[in-house]
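Participant: Quick one: this structure, given as structure tokens, is what I'll be asking you about.
The values are calculated or read from the model by the stated rules, or taken from the named source; none is laboratory data. This structure is a prediction, so every number in the text was calculated from the model and none was measured. Quick reminder, even Gly has a Cβ in these numbers, built from the backbone with ideal geometry, and neighbours come from all protein chains shown. Calculation scope for accessible area: heavy atoms of the full protein, side chains included, ligands and nucleic acids excluded. Shrake-Rupley method; radii C 1.70, N 1.55, O 1.52, S 1.80 Å.
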Amino acid sequence: MADGGFTSSTQSIPEVKRVPRHVAIIMDGNGRWARKRFLPRVAGHTRGVEALRGTIRAVIERGIEYLTVFAFSSENWRRPSEEVTFLMQLFIKSLQKEVSRLHENGIRFRVIGDLSRFEPSLVQAILNAEELTADNTRLHLTVAANYGGRWDVLTAVNRALAKNPTAHAIDEDAVAAELSMNFAPEPDLFIRTGGEQRISNFLLWQLAYTELYFTETLWPDFDGAALDKAIASYQERERRFGRTSEQLTSDAESDAPCHA
Ligand code: IPE
Ligand code: IPE
Ligand code: MG
């Protein structure tokens with residue numbers, strides 16, 4: 001179907017595949033997982049890294065091309081300082097331990113978020129991992145750290161304005177080009193574990209047309225089977241992108257491609 005001359009990115013209709021190309025996850029529930037076992041909250045974060053390792057494997061096996069995970073929000077600095085310190089150390093240790101394995105598995109690693117608040121050693125480890133894996137294409141793994149959706153949009157708008165200082169207005173394409181996920185298609189499937197049904201300032205711009213899936217499963221318990229449930233739910237959805245259900249049926253009957 002023709003696009004009718006719209007230029008808005010939310011009007012251009014992506015090709016819909018059975019397996020989502022891009023999955024974005026809020027990995028929530030680590031603290032509650034630990035508390036249920038009378039363990040300190042941080043034990044949940046350690047187990048959370050293991051759950052992420054298993055999820056990366058499962059995502060590759062299912063042919064998903066982009067995995068974006070929320071590891072630390074710009075609001076998480078409000079947590080007790082011992083927990084923040086533990087999380088930073090866990091991040092750096094996990095990176096050091098996993099980076100060669102990520103590389104061997106053809107995974108391209110990126111971090112999105114404001115790195116300026118991180119220790120120089122962590123920033124260096126991130127940059128090294130990004131550089132090492134820069135040519136990999138099997139899976140694009142992106143970790144959102146000190147990330148906030150509003151920060152991302154505002155940074156992009158300011159960058160777009162700086163490039164066009166005389167412009168009275170900037171358009172969606174100019175902003176989208178400056179967003180931290182400018183290299184990826186928008187997420188097809190969003191998963192939040194831990195039972196809360198909110199976005200918590202994750203990819204606000206990019207989630208405009210994403211299918212949302214919430215599960216009570218706590219992040220350390222998330223695995224391939226839990227991922228399959230989320231994908232099965234996704235496959236039952238009808239992604240209309242503003243069109244009517246009838247339009248989709250007639251498109252399918254005439255075998256027309258579903259991208260604009
Ligand atoms: C998510 O688990 C991990 C981070 C935010 C770093 P939580 O630590 O938020 O776990 P709950 O929500 O308290 O159970
Ligand atoms: C969101 O989880 C951020 C991450 C999982 C990293 P939170 O547990 O911090 O979210 P809220 O505060 O409950 O919304
Ligand atoms: Mg939480």
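Participant: In deg cm²/dmol and to the nearest 500, what is the mean residue ellipticity at 222 nm of the chain if only DSSP H runs of at least 4 residues count, each as -39500 (n - 2.57), divided by the residue total? Don't skip to the answer; put the middle values down first.
Facilitator: Numbers: 8 runs with 107 residues, N = 260.
Value at 222 nm, helices only: -13000 deg cm²/dmol.
Participant: State the extension gain, in nm to one decimal, for the chain segment bounded by LYS36 and GLU196, taking 0.36 nm per residue of separation less the distance between their alpha-carbons.
Facilitator: Fully extending the segment from LYS36 to GLU196 adds 55.9 nm.
Participant: Count neighbours as other Cβ atoms within 10 Å of each site's Cβ, and list the GluC sites (Glu not before Pro) in region 38-147 that are DSSP loop with at most 12 such neighbours. Numbers along the way, then the final one.
Facilitator: Values: sites: GLU50, GLU61, GLU65, GLU75, GLU82, GLU83, GLU98, GLU104, GLU130, GLU131; in loops: GLU65, GLU75.
Passing both the DSSP loop test and the Cβ count: GLU75.
Participant: Helix 120-132 versus the longest principal axis of the chain: what angle, 0 to 90°, nearest 10, using Cα atoms?
Facilitator: 50 degrees
Participant: At what distance in nm do the modelled label points of LYS17 and LEU132 sit from each other, each positioned 7 Å from its Cα along Cα→Cβ?
Facilitator: 2.7 nm
Participant: Keeping every protein chain present and rolling a 1.4 Å probe, give me the accessible area per residue for region 22-253 in Å².
Facilitator: On the way: 11680 Å² over 232 residues.
Ligands and nucleic acids excluded, the figure is 50 Å² per residue.
Participant: Of LYS17/LYS93; LYS36/LYS229; LYS17/LYS97, which pairs sit farther than 32 Å apart, going by alpha carbon to alpha carbon?
Facilitator: Distance filter (> 32 Å) returns LYS17/LYS93; LYS17/LYS97.
Participant: Then there's this: Once you mark the chymotrypsin sites (Phe, Trp or Tyr not before Pro) that are in a DSSP loop and have at most 14 other Cβ atoms within 10 Å, what is the longest gap between them in the chain?
Facilitator: Working: sites that count: PHE6, PHE38, PHE183.
In short, 39-182.
Participant: May I pose another question? Please work out the C-alpha center-to-center distance from region 9-87 to region 147-166 and express it in whole Å.
Facilitator: 26 Å
Participant: Residues with beta-carbon under 14 Å from that of GLU246, excluding GLU246: net charge, scoring Lys, Arg +1 and Asp, Glu -1? Don't skip to the end; give the middle numbers.
Facilitator: Working: positive: ARG240, ARG243; negative: GLU238, ASP251, GLU253.
Value of the local net charge: -1.
Participant: Determine the dipole magnitude for the chain: charges of +1 sit on the beta-carbon of Lys and Arg, -1 on that of Asp and Glu, nothing else is charged, the reference point is the Cα centre, and the result goes in debye to the nearest 20.
Facilitator: So the magnitude is around 1080 debye.
Participant: List the extent of the Cα atoms of the chain along each of their three principal axes, largest first, rounded to whole Å.
Facilitator: If we take the Cα atoms of the chain, the spans are 56, 49, 34 Å.
Participant: Taking the Cα centre of region 97-198 as origin and charging only Cβ (+1 Lys, Arg; -1 Asp, Glu), how large is the dipole, in debye to the nearest 20?
Facilitator: For this selection, approximately 260 debye.
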